[in-house]
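The values are calculated or read from the model by the stated rules, or taken from the named source; none is laboratory data. Because the structure is a prediction, the values reported are computed rather than measured. Virtual Cβ from ideal backbone geometry, glycine too; neighbours counted across all protein chains shown.
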Amino acid sequence: MKSIVLSSVAVALLVFSGCSEKQPVVEKQQEVKKPVAQEVAAVETESVASDDSMVDTSTNSSSHTMSMAEIESQLSPVYFAFDKYNITPEMQQKISAAAELGKTGAADYSVKLEGNCDEWGSDEYNFALGLKRADAVKKSLVAEGIDPSRISMVSYGESNPVCTEKTQECWAKNRRVDFKLLP
């Protein structure tokens, strides 16, 4: 009788505990925001400095949004080898190009580095590996002259695949760090 009760309690605990949900690991960082007053002052300064007395500020704000989309489209993912997070010379060229964009066209934006992995390995291992990959890219960007306060990192582990086929080529596409611009 005792074994039936103990077995029932053990089964009930297993059923009610359920499976944990995958959550991305996010690096906590102090958010640096430009005050609205500074943005308005910058727009007013541009309007005053312009030779044309009739400046349409709505055109400026829409080009600012397009500019962000254009810049983001020029940032290509950095791909990694299986179970690796080191930066190769080929990867460094992509990171250098991203840093150059970060210094010129995207100087007003922050960047979020999203570390991703293929489906091999445990959830914990893949979250840690994704964070190591994002950190390696961050260190390279900082070495290229990007302010570290403009960079945040997140690891999605294996939970954000771009390809779901069971092939080597597909898994290789999922081992990456993506760049996302933040206002």
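A few notes on this one:
- The residue list CYS163, CYS170 contains one member that is farther than 20 Å from LEU101 by Cβ, among the hydrophobic types (A, V, I, L, M, F, W, C) and in a helix (DSSP H, G or I), which is CYS170.
- When GLU144, GLU169 are screened for being in contact with a Lys or Arg (Cβ under 9 Å, 6 or more places away or on another chain), surrounded by fewer than 18 Cβ atoms within 10 Å (Cβ to Cβ) and among the acidic types (Asp, Glu), only GLU144 passes.
- Qualifying residues in segment 101-129 (those that are touching a residue at least 24 places away in the same chain (Cβ under 8 Å) and assigned to a helix (DSSP H, G or I)) - the one farthest from ARG175 (Cα to Cα): LYS103
- Residue count for segment 124-183, restricted to those that are more than 16 Å from LYS112 (Cβ to Cβ) and of a type in the set (Val, Ile, Thr): 3
- Flag if LYS84 is within 16 Å of LEU182 (Cα to Cα), modelled with pLDDT of 50 or more, among the basic types (Lys, Arg) and not in a helix (DSSP H, G or I): no
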